[in-house]
Every structure is written in structure tokens, then in C-alpha cells.
Amino acid sequence: MLFQIKSYLKFLWKSKNEHGVHSPFVFNLLTKCFYDKKPKSEYAILKKYRKSLLENRNFIEVTDFGAGSKVFKSNRRQIAKIAKTAGISSTRAELLFRVTRYFEPQNILEIGTSLGLATSALALGNTNAKVITIEGCPNTANIAENQLNQFDCKNVDNIISEFESFLISENLQSTIYNLIYFDGNHSKNATLKYFDLLLPTTDNDSVWIFDDIHWSQEMEEAWEIIKNHPKVTVTIDTFQWGFVFFRYEQEKEHFTIRT
């Protein structure tokens, strides 16, 4: 916790809003998407989705996986508490919805479904998109699938698999993901492994979002490595999320932005 407080103070010192940004691409993203305060009818659906989970007092067996699909932790947890502590916040869900609506990605990948709070934002952001979401814990994935069906998120393909195993088994050389949301394993090695495996799926318009980039010293190290990769041209650090772009026409530039 102390590390995160120090990181946040550094973030506040460096961060800007749209008035300190000279890139037209980033300026438009901030003013038309990040800072868009207009109400959206889909926000009500996202709130109902969250409320139904927060009212669910049932318990499930939750399994987390380590490297090589090895189980390293399994325990019984209440669904309401998972939604409250592990799920994306309402504000972040609305931002993820706006980002998806803004870029209109056709193929979306989410690494780490949990209970589907972020998944619903992705699915509603572009109902014409195909959303593939991966979750290692079968019980959690089943709750998410039921929730997504209940709230008419019909464009989601739920995959139960350890993340790295899925990525290795897929023929990623022939796949383009327009948007990827990384929220599955907040460790340096895993994050960089996923980054390397998924690089062949990028094109000029690909958008990657990494969750919890300041979670630990290791995650900050991973974020710096990602920023400095030669294929990465633009990054935006919003403290909790790191946005990565691969736009060939952009000069390499990094932004620290308050949202």
C-alpha cells in the first residue's frame, strides 16, 4: 500500500489534462472520450449488472493459477465480495465502455474475465464486435457467462483456460485484435509474456489497456519495458491503466494523464 501511495503522488506531480497535450490524436481521445460527461443509456445496464452481483450472497470456490497452469490458491468466496473487491469500479467500467464506443473495435480480447464487469462494458461498447474473454477459474467464469446472458451481452465468447496456455494454443499470427484488455495476472513476467505473445495480433489501430500498472515495483518495471518497445509509439498512463498504441504515423511519445 505504501508503494502505491508513493507512486500515486509521483503520478499527480507529472500528470496533465487535455490542456497540456499537443498531440491531436491524444487530445481528441481525451476530450471526446476520456472526459465525455454526457449520460449514456448503457450506464444503467452496467449499474444493474453490478447491483445484481453485489446482492448475490452465494459462495463459490475460486481458483487462481500460477505458471504452467499450476493451482496456487483455492478458496471459497462470496460473489458479492468478489464483485466489490476484485471487480472494475463503476467509473472505470463507464470509461472502458466509452473507449470501446470511441474506437469501434471489431475483435476484442479480455485476459481475465472475473465476474464479467469489464466484459459487459466491452460488449455494450460495440455490440457488433466479437468479444473473447478468458478466465482460468471455471466457477467464476460460469457466473460471468450467466450474468452476460442475463444482460443480453450476446457478442461474448467465454473461454475457460489458463491465459498463457490459450495464447500459445491459438494461431495468433493470423489474428488481429483491435482492443485488448489485460487484467489477468499482475506480475512482471506474466505481463511481458502476454505482451510478446500478442504482438503479432496488432495493427495500426490496435488499442491495448493494461490494468494496475503501478500495483508493484515489478509492474512498474514491466510498464517501462512496454513503453520502450520499438513497436510502441504512444502510451498514456492514467495511474490505474496504461494505454498502448502502435500507430506508425505517430512519433514516440508518452503521456501521464489525469482522468
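How many of the residues in the range 215-236 are without any contact (Cβ under 8 Å) to a residue 60 or more places away in the chain and in a strand (DSSP E or B)?
1
I'd like the full set of residues that are of a type outside the set (Lys, Arg) and either assigned to a helix (DSSP H, G or I) or buried (at least 18 other Cβ atoms within 10 Å of the Cβ) (or both), limited to the range 46-59. Step through it out loud before you land on a result.
Filtering the range 46-59 for residues of a type outside the set (Lys, Arg) gives 46, 49, 52-56, 58-59.
The answer is Leu46, Tyr49, Ser52, Leu53, Leu54, Asn56.
Counting only residues that are outside any helix (DSSP H, G or I) and surrounded by 15 or more Cβ atoms within 10 Å (Cβ to Cβ), which one in the range 79-95 is modelled with the highest pLDDT?
Per the stated criteria, the residue is Ile88.
Considering (1) part of a helix (DSSP H, G or I); (2) open to solvent by less than 60 Å² (accessible area, probe 1.4 Å); (3) within 26 Å of Glu253 (Cα to Cα), say which one Tyr43 fails and leave the rest.
Answer for Tyr43: the failing condition is (3).
Over 25 Å from Gly116 (Cα atoms) and either surrounded by fewer than 20 Cβ atoms within 10 Å (Cβ to Cβ) or under 14 Å from the mean Cα position of the chain (by Cα) (or both): does that describe Lys231?
On the way: over 25 Å from Gly116 (Cα atoms): yes; either surrounded by fewer than 20 Cβ atoms within 10 Å (Cβ to Cβ) or under 14 Å from the mean Cα position of the chain (by Cα) (or both): yes.
The answer is yes for Lys231.
Of the residues that sit in the range 1-22 and are out of contact with any helix residue (DSSP H, G or I) (no Cβ under 9 Å at 6 or more places or on another chain) and in a loop (DSSP other than H, G, I, E, B), which one is nearest to Phe255 (Cα to Cα)?
Pass one, the range 1-22, residues out of contact with any helix residue (DSSP H, G or I) (no Cβ under 9 Å at 6 or more places or on another chain): 1-2, 4-6, 8-16, 19-20, 22.
Add one more test, that the residue is in a loop (DSSP other than H, G, I, E, B), and what stays is 1, 15, 22.
Working: Met1: 24, Ser15: 8, His22: 10 Å.
Residue satisfying both the conditions and the ranking: Ser15.
For the structure I just gave you, tell me whether Phe239 is open to solvent by 10 Å² or more (accessible area, probe 1.4 Å), among the aromatic types (Phe, Trp, Tyr), part of a strand (DSSP E or B) and touching a helix residue (DSSP H, G or I) at 6+ places or on another chain (Cβ under 7 Å).
On the way: open to solvent by 10 Å² or more (accessible area, probe 1.4 Å): yes; among the aromatic types (Phe, Trp, Tyr): yes; part of a strand (DSSP E or B): no; touching a helix residue (DSSP H, G or I) at 6+ places or on another chain (Cβ under 7 Å): yes.
For Phe239, the condition - open to solvent by 10 Å² or more (accessible area, probe 1.4 Å), among the aromatic types (Phe, Trp, Tyr), part of a strand (DSSP E or B) and touching a helix residue (DSSP H, G or I) at 6+ places or on another chain (Cβ under 7 Å) - is not met.
Taking helices (runs of 4 or more DSSP H) that fall entirely within the range 108-214, which contain at least 1 residues that are without any contact (Cβ under 8 Å) to a residue 40 or more places away in the chain, out of contact with any strand residue (DSSP E or B) (no Cβ under 7 Å at 6 or more places or on another chain) and surrounded by fewer than 21 Cβ atoms within 10 Å (Cβ to Cβ)? Talk me through it step by step, then tell me what you get.
Details: elements: 117-125, 138-150, 163-169, 188-198.
Filter on the range 108-214 gives 138-150, 163-169, 188-198.
What are the residues in the range 10-29 that are loosely packed, with under 15 Cβ neighbours inside 10 Å and under 16 Å from Ser216 (Cβ atoms), if any?
Lys10
The values are calculated or read from the model by the stated rules, or taken from the named source; none is laboratory data. Since we're looking at a predicted model, the values are computed, not measured. Here the Cβ is made from the backbone with ideal geometry for all residues, glycine too, and neighbour counts use every protein chain on show. Quick note on the areas: whole protein, heavy atoms, side chains included, nothing else; ligands and nucleic acids left out. Shrake-Rupley method; radii C 1.70, N 1.55, O 1.52, S 1.80 Å.
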